[in-house]
Amino acid sequence: MAGALPLGDPAPADGLLPVSAAAGSGDRPFGMYLHVPFCRVRCGYCDFNTYTSDELRGVKRTDYAGQAADEVRLSAHVLRESGVAPRPVSTVFFGGGTPTLLPAADLAMMLAAVRDEHGFAPGAEVTTEANPDSVDRDYLATLKEAGFTRVSFGMQSAVPHVLATLERTHDPERVPLVVAWAREVGLQVSVDLIYGTPGETLADWERSIDQALATRPDHISAYSLIVEPGTKLARQIRSGQVAEPDEDLQADMYDLADERFQDAGYGWYEVSNWSTGHDTRSRHNLSYWTGADWWGIGPGAHSHVGGVRWWNVKHPAAYAGRMAEGASPAAGRETLDSDVQEMERIMLGVRIADGLDIRSLAPEGRVAVAGLIADGFVDAAAALRGHLVLTRPGRLMADAVVRRLTDY
Amino acid sequence: MSPKALRAQEPSATDPAFIRNFCIIAHIDHGKSTLADRMLQMTGVVSDRDMRAQYLDRMDIERERGITIKSQAVRMPWSQGADTFALNMIDTPGHVDFSYEVSRSLAACEGAILLVDAAQGIEAQTLANLYLALENDLEIIPVLNKIDLPAADPDKYAAELASLIGGDPADVLRVSGKTGMGVEDLLDRVVERIPAPKGDANAPTRAMIFDSVYDSYRGVVTYVRMIDGSLSPRERIQMMSTRSTHELLEIGVSSPEPIPSKGLGVGEVGYLITGVKDVRLSKVGDTVTTLKSPATDALPGYTDPKPMVFSGLYPIDGGDYPDLREALDKLKLSDASLNYEPETSVALGFGFRCGFLGLLHLEIITERLEREFGLDLITTAPSVIYEVRTEDKKTVTVTNPSEFPTGKIQAVSEPVVRAAILAPKDYVGTIMELCQSRRGTLLGMEYLGEDRVELRYSMPLGEIVFDFFDHLKSRTQGYASLDYEPMGEQEADLVKVDILLQGEQVDAFSAIVHREKAYAYGVLMTERLKKLIPRQQFEVPIQAAIGARIIARESIRAMRKDVLAKCYGGDITRKRKLLEKQKEGKKRMKMVGKVEVPQEAFIAALSGDTEGKEKK
């Protein structure tokens, strides 16, 4: 969740969706995102919606799971009342913040609410993010019993000075340990890495890549560090205490990671995500890029159902207040017209390895593909077969590619 | 010596013996307008209540910059003993760009107040105007102003003035326009020292136009100094240079608001209104006569104003082009020396090539276009007039580098000016260094008083228009002043340097420079553009070339990363808005071939806003 909420239309107090949202809903997969807005400490680069205090304006962290479960119940009610076809959830994702800062029982309770209200589709994917230092074997076992199938560890880096700049507190030695425990209890494992941290060299990054691969996870995410306005890191860079990340170096780091991951048998399926195979992709992550429906639970969470996007109030106290009143926590929303939906389809679709169907593009967009092939951003062989798939340099330029495809 | 005259002399019936015509020669900010205000107040033509600071400077820009662009004439009554005199104060532009207008204003006077700041001493432009005044046989009244300032050093500068014009330092009047101290004495001195005008009341009418102003309500208002004969309302008049005839709808004097009169007689100064809408029909320096009994000989000294400096003016928003045309058409009505024609630039789109009297004129016109007409403009680097002779003996006049012939060149000639620089003696070394680097030749050097020096150089005008004044000011902590006047042409080894972006010529950056400086210019511009143009999706070479020969090269490396790592918790809305913003930004880019260049980069590169300023 980003620093500021977007500007949009006001959302109604009952949260009911416009009629347009229901159209075709039976054909779209449905997922659920549950936000946990708490962390033990706030990392300097982070502008996500998270809080480090146990108690905020009279709202206790221990009450949060109950409030989230209330919104899960509200979601079922709103969808039903809005005429959206009832669908079991295909994917569930707990993100934060640090979901594992809550007791495993809280996460289990929230997940149970999802199952009770919506049901699980066969083979449903249920993931939680976790900090290497906030879980142990028992905790992971409890999650597995509660129905979780996947855990995504925030490893970020294996290099102490990089972790220190990021203000991550975990001991890198702990990562192989928690990964092994997760596998033992039967969870799929992903590790998340960050590259391009100020002071991080290509050699540092290589070390992180090697150590991540050495744990043999099923899935790896690697995100370049983005300096978000309003963060401590942004202030440190402005005042000259910390060097600004170098985009060329970040590009070199991406190239190195992609090369190493491919060599180790991990294929990219989205710009920042690699997996050992089709079944180990994060289906929840993909649902963002493929226009699926999902409901985001919790303060500041974003949702999308049938061309309607909305977002919740940001502060946990404001959120708790809404839930106590039985009101929708939505702060604002927007209904996308067909032009905007098409623009989003391209913007999101170019990022995945399955690619965009070139025939689905407007004539101007189809013409632009030739230039993109010439510049080496689009894979020529795939394009000849009718798929727009980005090359490695093209993935690094994905936003520029989108502008060129939609520049008419 | 009453401060306020009891009875004013009536226009059209004033004996020339009771008329005094004078002007004030002063440098910008030496307090001319404040002194003039004080005179208006003391002679009673403006009531204390109506007094607004710098009454005579009507245009906002003039008031803000404290400089006078357009002169006006004010008639003030002043009594001495039993006699009442009509004092005509003719306001003159203080800047070198308007030296022709200055010379016409001086020709309308018999005397001049030489006004000098008692804390700063005389400046180069004032010196130039003083020479002009002496050439016109004007009686000079030396005056030190701002003597109330703590930093004033009247003894030192009185000596300086006395040594310049001859006479006793004790005769130099000391006044304060601000407090009014000494102003009455000055008005008395004007009556005593300045000769009365002479002319033949019975000869055919001749009046000299010394200013011509466009007024949106009344059309062109023409200011004249009567030499011979008389003019009266409803009479048909003729302009001797154009032979155009007009009916005098109104005739009068400014005091300082226009007051219609029964006419104007010998030696008087006043205004004429004919209903004409274009100042080109009423040219400064021209002679007005009557149709009924026209004069045979025009008054001497008339010349057409010639533009010296050329620059392209482009609207930042291409959609403003029609507005720019309209604005120029309107300005032309009030400024006979402005000329322009449409031109197109690959980099900047549609605009106008404009000719100006000098750099200040250029600056004033662009500022008026921006302020009075709400236009945002880009100005290309100023250029001068070159005469280029090709191998096949053709001569091409080049006012824009893009007109420079491409084939073999036999010779290029450029305008040369005589530049006078006045500065404290400590700066002589650094000024000489600067002038030599600008191909200047020292003509002479003279001490004015103890510590100030006048350096005279011949220098190509092209060197002066290329930020010479900025450099001069910054190297002398602002103490140096500059004046220049045309002194002909010279042949020089000049070449045209082009700047290419990915092989495409960017016309706005082409420049005609001396061969020895071509490399430096090429390096300067390629480095500057490298800093200003954002990285593209491909490598962009930036080259400087003389014809086909590349003399400098830089390159902007391709951008490798343009992607947001992730969508924060599914906040697609934010990502989409960012993309929309980027696409919006692209619309403001100018395309040079495939290269997207932000408008700001062109502006910054043209104005040298990047490292150029730091270098000084």
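The values are calculated or read from the model by the stated rules, or taken from the named source; none is laboratory data. Since the structure is predicted, the reported quantities are computational estimates derived from the model, not experimental observations. All Cβ positions, even for glycine, are placed from backbone atoms using ideal geometry, and neighbour counts span all protein chains on display. For the accessible areas, the whole protein counts, side chains as well, though only heavy atoms, and no ligand, DNA or RNA atoms are used. Shrake-Rupley method; radii C 1.70, N 1.55, O 1.52, S 1.80 Å.
General observations
- Of all residues making up the stretch B:309-341, the number that are among the aliphatic types (A, V, I, L, M) and within 24 Å of B:GLY275 (Cα to Cα): 6
- Residue count for the stretch B:462-513, restricted to those that are small (Gly, Ala, Ser) and more than 23 Å from B:LYS306 (Cα to Cα): 7
- Looking across the stretch B:468-494, just one residue is part of a helix (DSSP H, G or I), of a type in the set (A, V, I, L, M, F, W, C) and open to solvent by 10 Å² or more (accessible area, probe 1.4 Å), and that is B:PHE469.
- Among the residues here, A:LEU107 does not qualify as open to solvent by 10 Å² or more (accessible area, probe 1.4 Å) and either touching a residue at least 60 places away in the same chain (Cβ under 8 Å) or touching a Pro at 6+ places or on another chain (Cβ under 8 Å) (or both).
- Within this structure, A:ARG216 passes the test of being in contact with a helix residue (DSSP H, G or I) (Cβ under 9 Å, 6 or more places away or on another chain), of a type outside the set (A, V, I, L, M, F, W, C) and modelled with pLDDT of 90 or more.
- For A:ASP279: the one exception among (1) more than 14 Å from every other protein chain (Cβ to nearest Cβ); (2) more than 20 Å from the chain's Cα centre (by Cα); (3) in a helix (DSSP H, G or I): (2)
- Of all the numbered requirements in (1) at pLDDT below 80; (2) over 18 Å from B:PRO256 (Cβ atoms), B:ALA82 misses one, and that requirement is (1).
- Number of residues in the stretch B:517-547 that are within 27 Å of B:THR406 (Cβ to Cβ) and buried (at least 18 other Cβ atoms within 10 Å of the Cβ): the value is 15.
- Applying a threshold of 6 Å to beta carbon distances and a minimum spacing of six or more residues, or different chains, the list of pairs starting in the stretch A:1-17 at a residue that is within 8 Å of chain B (Cβ to nearest Cβ) and ending at one that is open to solvent by less than 80 Å² (accessible area, probe 1.4 Å) and modelled with pLDDT of 90 or more reads A:MET1/A:GLY300; A:GLY8/A:GLY332; A:GLY8/A:ARG333; A:GLY8/A:GLU334.
- Selection from the stretch B:321-355 of residues that are modelled with pLDDT under 90 and under 30 Å from B:VAL221 (Cβ atoms): B:ASP329, B:LYS330, B:LEU331, B:LYS332, B:LEU333, B:SER334, B:ASP335, B:ALA336, B:SER337, B:LEU338, B:ASN339
- Listing of helices (runs of 4 or more DSSP H) fully contained in the stretch A:166-270 that carry 2 or more residues being in contact (Cβ under 8 Å) with a residue 12 or more places away in the chain, within 14 Å of chain B (Cβ to nearest Cβ) and surrounded by fewer than 22 Cβ atoms within 10 Å (Cβ to Cβ): A:247-263
- Exclusive hit being open to solvent by 50 Å² or more (accessible area, probe 1.4 Å), farther than 24 Å from B:CYS109 by Cβ and not hydroxyl-bearing (Ser, Thr, Tyr), set B:ARG218, B:ARG193: B:ARG218
- The stretch B:410-436, residues that are closer than 19 Å to B:GLN477 by Cα and among the hydroxyl-bearing types (Ser, Thr, Tyr): B:TYR427, B:THR430
- Any hit, the stretch A:271-288, residues being among the polar types (S, T, N, Q), surrounded by fewer than 17 Cβ atoms within 10 Å (Cβ to Cβ) and in contact with a strand residue (DSSP E or B) (Cβ under 8 Å, 6 or more places away or on another chain): no
- Subset of the stretch B:378-398 [over 19 Å from B:VAL513 (Cα atoms) and part of a strand (DSSP E or B)]: B:ILE378
- Filter pass, B:GLY478 being of a type in the set (Gly, Ala, Ser), assigned by TED's automatic domain parsing to the domain that holds B:ILE409 and free of Cβ contacts under 8 Å to residues at least 40 places away in the same chain: yes
- Within the stretch B:264-320, the set of residues being small (Gly, Ala, Ser), closer than 18 Å to B:SER241 by Cβ and either at pLDDT 95 or above or touching a strand residue (DSSP E or B) at 6+ places or on another chain (Cβ under 6 Å) (or both) comprises B:SER282, B:ALA295, B:ALA298.
Yes/no per residue for (1) among the hydrophobic types (A, V, I, L, M, F, W, C); (2) surrounded by fewer than 13 Cβ atoms within 10 Å (Cβ to Cβ); (3) outside the structural domain of A:ALA113 (by TED's automatic domain parsing):
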position: A:HIS35; (1), (2), (3): no, no, no
position: A:VAL41; (1), (2), (3): yes, yes, no
position: A:TYR51; (1), (2), (3): no, no, no
position: A:ARG57; (1), (2), (3): no, yes, no
position: A:THR62; (1), (2), (3): no, yes, no
position: A:ASP70; (1), (2), (3): no, no, no
position: A:SER75; (1), (2), (3): no, no, no
position: A:VAL78; (1), (2), (3): yes, no, no
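- Answer from B:ALA552, B:ALA558 - the residue that is crowded, with 18+ Cβ neighbours inside 10 Å and either away from chain A (no Cβ under 14 Å) or within 22 Å of B:LYS586 (Cβ to Cβ) (or both): B:ALA552
- Scan the stretch A:209-238 for residues that are within 21 Å of A:VAL41 (Cβ to Cβ) and among the hydroxyl-bearing types (Ser, Thr, Tyr) and the total you get is 2.
- As a summary of the residue check, B:GLY177 satisfies the conditions (1) out of contact with any helix residue (DSSP H, G or I) (no Cβ under 6 Å at 6 or more places or on another chain); (2) surrounded by 17 or more Cβ atoms within 10 Å (Cβ to Cβ) except for the one numbered (1).
- A Cβ distance below 7 Å, combined with a sequence gap of six or more or placement on separate chains, defines the contacts here; from the stretch B:256-273, residues that are in contact (Cβ under 8 Å) with a residue 12 or more places away in the chain reach residues that are β-branched (Val, Ile, Thr) and outside any strand (DSSP E or B) in the pairs B:PRO256/B:VAL45; B:PRO256/B:VAL46; B:GLY265/B:THR14; B:GLU268/B:THR14.
- Meets criteria (free of Cβ contacts under 8 Å to residues at least 60 places away in the same chain, farther than 29 Å from A:MET397 by Cα, hydrophobic (A, V, I, L, M, F, W, C) and open to solvent by less than 30 Å² (accessible area, probe 1.4 Å)) for B:VAL513: yes
- When B:LEU331 is tested against (1) outside any strand (DSSP E or B); (2) open to solvent by 20 Å² or more (accessible area, probe 1.4 Å), exactly one condition is not met: (2).
- Against the criterion of being under 23 Å from A:PRO18 (Cβ atoms), open to solvent by 20 Å² or more (accessible area, probe 1.4 Å) and not assigned by TED's automatic domain parsing to the domain that holds A:TYR33, A:ALA331 qualifies.
- Condition broken by B:THR390, with the remaining ones in (1) polar (S, T, N, Q); (2) open to solvent by 40 Å² or more (accessible area, probe 1.4 Å); (3) at pLDDT 90 or above satisfied: (2)
- Exactly one residue out of B:VAL396, B:VAL416, B:VAL465 is open to solvent by less than 30 Å² (accessible area, probe 1.4 Å) and either touching a helix residue (DSSP H, G or I) at 6+ places or on another chain (Cβ under 6 Å) or closer than 30 Å to B:LEU324 by Cβ (or both): that is B:VAL465.
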